[in-house]
Amino acid sequence: QVLAVSDSDVWAVGDGTSLHWDGSQWRQVPVARIEGSEPQFFGLAQFGAEDVWTAGSALLRGRQGARGTVQHWDGTAWSDLPVPAVAAVWSLSGIAGASPADMWAVGRIHGAHGQALALHWDGRQWERVPVPSAGGRPAYLCDVVVLDGGDVWAAGYSHDSTGIGTRRLFTARWDGRAWSAGQIPSSPGQPAHLDR
């Protein structure tokens, strides 16, 4: 994932690392350590040179589970923010916000009956906010955008409960009170072979 604020302020994140472009060169910036895990980052949001956010997952060594992670850059270092204990295996893949005190991170709870997941940050803590299912099919959210007025949209996909079958687009919208599943045209989808 890459986020460019200007030609001299660009961030890139990936497998356990972050890079910053200052206009002349890339510099590796260490992410916050998460004991016993290998972090991966997939989303970026920024509100200024000293206010950068990234979301992803912390895969526990030995493949015994994973949890979502949100890290914040304060101009000096990355810090791993406390997140709710959602499930044994869950991850985040997108992050966006209207302000540093109004952020959304989205992802999924893994498993045969996986669920779309949304967390909200109010400036003090992350809280899980329920997301509806995709007509009874397991659904995952991959990315999120926040528009003026608190209008939030997220997109991802759903699949049948076996994890092998057809994957279809899934969208959800936050109206300021609750998430609702988007009404999208039916489509044949595409084959999916997903982890459980």
Fill in the blank from the handout: Here the qualifying pairs (Cβ atoms under 6 Å; residues six or more apart or on different chains; first in region 39-66 and closer than 19 Å to D7 by Cβ; second β-branched (V, I, T) and surrounded by fewer than 21 Cβ atoms within 10 Å (Cβ to Cβ)) come out as Q46/V5
Problem - Matching residues in region 31-57 - criterion: being closer than 30 Å to A88 by Cβ and either more than 20 Å from the chain's Cα centre (by Cα) or among the small types (G, A, S) (or both) - result: A32, E35, G36, S37, G43, A45, A55, G56, S57
Problem - Pick from region 131-140, criterion of a type outside the set (S, T, Y) and closer than 14 Å to W153 by Cα, ranking: surrounded by the most Cβ atoms within 10 Å (Cβ to Cβ) - result: V131
Practice task
Out of A32, A85, report the one residue that is open to solvent by 40 Å² or more (accessible area, probe 1.4 Å) and assigned to a loop (DSSP other than H, G, I, E, B).
Solution key: A85
Practice task
Inspect all residues belonging to region 109-129 and state whether any of them is open to solvent by less than 10 Å² (accessible area, probe 1.4 Å) and not aliphatic (A, V, I, L, M).
Solution key: yes
Exercise for the section: Among what's in region 1-29 and is among the charged types (D, E, K, R) and not in a loop (DSSP other than H, G, I, E, B), pick the residue that is modelled with the highest pLDDT. Expected result: R27
Handout entry: T166 vs. criteria at pLDDT 90 or above and among the polar types (S, T, N, Q)
Key = no
Practice task
Read through the list (1) farther than 17 Å from V106 by Cα; (2) in contact with an Asp or Glu (Cβ under 9 Å, 6 or more places away or on another chain); (3) surrounded by fewer than 20 Cβ atoms within 10 Å (Cβ to Cβ), then give the number of the only condition that H72 fails.
Solution key: (1)
Exercise for the section: Tell me, please, whether a residue that is modelled with pLDDT under 90, more than 18 Å from the chain's Cα centre (by Cα) and assigned to a strand (DSSP E or B) can be found in region 63-71. Expected result: no
Completion exercise
Note on region 129-157: residues more than 15 Å from S93 (Cα to Cα), of a type outside the set (A, V, I, L, M) and in a strand (DSSP E or B) are R137
Handout entry: Residues located in region 88-102, provided they are surrounded by fewer than 16 Cβ atoms within 10 Å (Cβ to Cβ), in contact with a Phe, Trp or Tyr (Cβ under 9 Å, 6 or more places away or on another chain) and of a type in the set (A, V, I, L, M, F, W, C)
Key = A101
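The values are calculated or read from the model by the stated rules, or taken from the named source; none is laboratory data. Only a predicted model underlies this, so the values are computations on that prediction, with no experimental measurement involved. Glycine gets a Cβ as well: all are built from the backbone with ideal geometry, and neighbour counts include every protein chain shown. Each accessible area value is taken on the protein alone, full model and side chains, heavy atoms only, with ligands, DNA and RNA left out. Shrake-Rupley method; radii C 1.70, N 1.55, O 1.52, S 1.80 Å.
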